[in-house]
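The values are calculated or read from the model by the stated rules, or taken from the named source; none is laboratory data. Remember, it's a predicted structure, so these values are computed and weren't measured experimentally. Here Cβ is always computed from backbone atoms with ideal geometry, including for glycine, and neighbour counts include all displayed protein chains.
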Amino acid sequence: MITKIFSPFFYQTKLEGHSENQKNIIPIIFDEYFKQNGSNTEGEWGCDCFTTFFDRDFVTYEPLKTEIQSVVRKMFEELEIKPFAYTVEQMWFNAYGAKQSQEVHCHTGPSFSGIYYLQFDPEVHKPTTFMNPIRWGESKRHNRFWDPDLWNSQSLYHHYHEPQVEEGDVILFPSEMDHYVQPFFNSNKLRITCSFNVFVYTQSEVDLLSSQRKPIPSVKPISKGFG
């Protein structure tokens, strides 16, 4: 009998409001991208791309945030996780042109993180690449036990996984999972994503914040749990 333990995962679905999101968001990101000459991460992140992460005045597109909150709730239902409260926070947009990329990183602090593929051409762009947290793929890949014909990209023995995604897809995953964006070449079409973090709160944490008259940071409203 095989019992799986400590299993990483990602949750994947499509956003119904994708067409409207593209119409309302992409022109703004295009303008900001070219105002910054395609990059504003030097000295901040170890990569080359454009991001709204550092612009705290950049307004979140509320219909998108509302739909993502619904997606998070569906993920919790499928996982049978019942948090007392959770919030979708720190939403930001990223744009990558030819030869641009994102370094290996994880999101420290939140419980889950997500990526929405706002503009993505699978013939040109690379999906997000996830690193195997157990690192077996790296340490054993030269061992004859590791055979790409024997183990697929979801295997314990593979060193990375690239989910098959399309434009309009959103994926959620445990925030501690290392991931990165590979560069693409031979195209000027921007790869545009929206990233976000999900924070989970216990009842005692919410009560403590309330007693101190401190709101849960950066989010309204709190999406309540499942009763």
Selection within the range 18-31 - over 18 Å from A98 (Cβ atoms) and crowded, with 16+ Cβ neighbours inside 10 Å: H18, N21, I25
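Is there a residue in the range 28-38 that is outside any loop (DSSP other than H, G, I, E, B), closer than 23 Å to R191 by Cα and either in contact with an Asp or Glu (Cβ under 7 Å, 6 or more places away or on another chain) or among the hydroxyl-bearing types (S, T, Y) (or both)? Please lay out each step first, then the result.
Just the residues of the range 28-38 that are outside any loop (DSSP other than H, G, I, E, B), to begin with: 28-35.
Those left that are additionally closer than 23 Å to R191 by Cα: 28-35.
Now narrow it down to the ones that are either in contact with an Asp or Glu (Cβ under 7 Å, 6 or more places away or on another chain) or among the hydroxyl-bearing types (S, T, Y) (or both): 33.
Yes, there is a match, as at least one residue in the range 28-38 is outside any loop (DSSP other than H, G, I, E, B), closer than 23 Å to R191 by Cα and either in contact with an Asp or Glu (Cβ under 7 Å, 6 or more places away or on another chain) or among the hydroxyl-bearing types (S, T, Y) (or both).
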Complete set of residues in the range 116-130 that are buried (at least 23 other Cβ atoms within 10 Å of the Cβ) and closer than 15 Å to Q12 by Cβ: Y116, Y117
So N37, is it in contact with a helix residue (DSSP H, G or I) (Cβ under 7 Å, 6 or more places away or on another chain), among the polar types (S, T, N, Q) and more than 27 Å from D178 (Cα to Cα): no
Selection status of L172, within 27 Å of F58 (Cα to Cα), touching a residue at least 40 places away in the same chain (Cβ under 8 Å), buried (at least 19 other Cβ atoms within 10 Å of the Cβ) and more than 17 Å from the chain's Cα centre (by Cα): no
Condition broken by F145, with the remaining ones in (1) modelled with pLDDT under 95; (2) touching a His at 6+ places or on another chain (Cβ under 9 Å) satisfied: (2)
Which listed residue is modelled with pLDDT of 95 or more and out of contact with any Leu (no Cβ under 8 Å at 6 or more places or on another chain), from L156, L209, L190, L150: L190
